[in-house]
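Heads up, the thing below is written out as structure tokens.
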Amino acid sequence: MPEDLSNFPPTVIVVHPRENRKKCSVEPLRGRPGFEFSQFRSNSPAILPAGQYVRLGIGGPILSPADNHLGLLVLDGTWRWAEAMEAQYQHVPVRSLPPWKTAYPRVSKVFEDPATGLATIEAIWLAYRCLGRDTSGLLDHYRWGEQFLELNRDQLPSVPDSTS
């Protein structure tokens, strides 16, 4: 049985205005309960209740079940854009994810993607898994979803599973 999403603050996804919605990995989450979308505005960041959110990012402690009561802030855009967006959300504590391999078929002709960089939907799936939240259906809209799980099969036991 799916968990009651009202137990958690919603996952807030702040999307860079130049992000191509046709290529955006989180588009299928629009309208799904438990997710709120906001467009990034450099002069007006999304307002989040103090102490109730952590931001997925690089350089923080690894996200764990101890963070389960908190909402997630996810910045969505190219690596370059997401890095620039972080300045507006420095007040939100950052949590990192364990190193997993991406299956997302991306190729930047301008910048090199980080070796451990995940597509936003992969990061959300892994974050939910780390928090012990239900991951059912999160990867259903992605032809490479199974490949993502297969690439990281050896790491699956190292993070909680709320769906088994």
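The values are calculated or read from the model by the stated rules, or taken from the named source; none is laboratory data. As the structure is a computational prediction, the values presented were derived from the model and not from experiment. Quick reminder, even Gly has a Cβ in these numbers, built from the backbone with ideal geometry, and neighbours come from all protein chains shown.
Structure notes:
- If the condition is being at pLDDT below 80 and of a type in the set (G, A, S), then the stretch 33-49 contributes S42, S44, A46.
- Here D154, D134 are screened, and the one residue that is farther than 25 Å from S38 by Cα and either modelled with pLDDT of 90 or more or in a helix (DSSP H, G or I) (or both) is D154.
- Residues of the stretch 60-70 that are assigned to a loop (DSSP other than H, G, I, E, B) and under 15 Å from the mean Cα position of the chain (by Cα): G60, L63, S64, N68, L70.
- Of the residues making up the stretch 53-76, those that are surrounded by 13 or more Cβ atoms within 10 Å (Cβ to Cβ) and free of Cβ contacts under 8 Å to residues at least 60 places away in the same chain are Y53, V54, R55, G57, I58, G60.
- Test: T116 is within 15 Å of the chain's Cα centre (by Cα), in a loop (DSSP other than H, G, I, E, B), of a type in the set (S, T, N, Q) and at pLDDT 85 or above: no
- Residues in the stretch 137-149 that are free of Cβ contacts under 8 Å to residues at least 24 places away in the same chain and outside any loop (DSSP other than H, G, I, E, B) were compared, and the one that is surrounded by the most Cβ atoms within 10 Å (Cβ to Cβ) is L149.
- Residue in the stretch 77-85 that is at pLDDT 80 or above and either under 21 Å from A50 (Cα atoms) or surrounded by fewer than 19 Cβ atoms within 10 Å (Cβ to Cβ) (or both) present: no
- Checking the stated criteria, E122 turns out to be modelled with pLDDT of 90 or more and of a type in the set (D, E).
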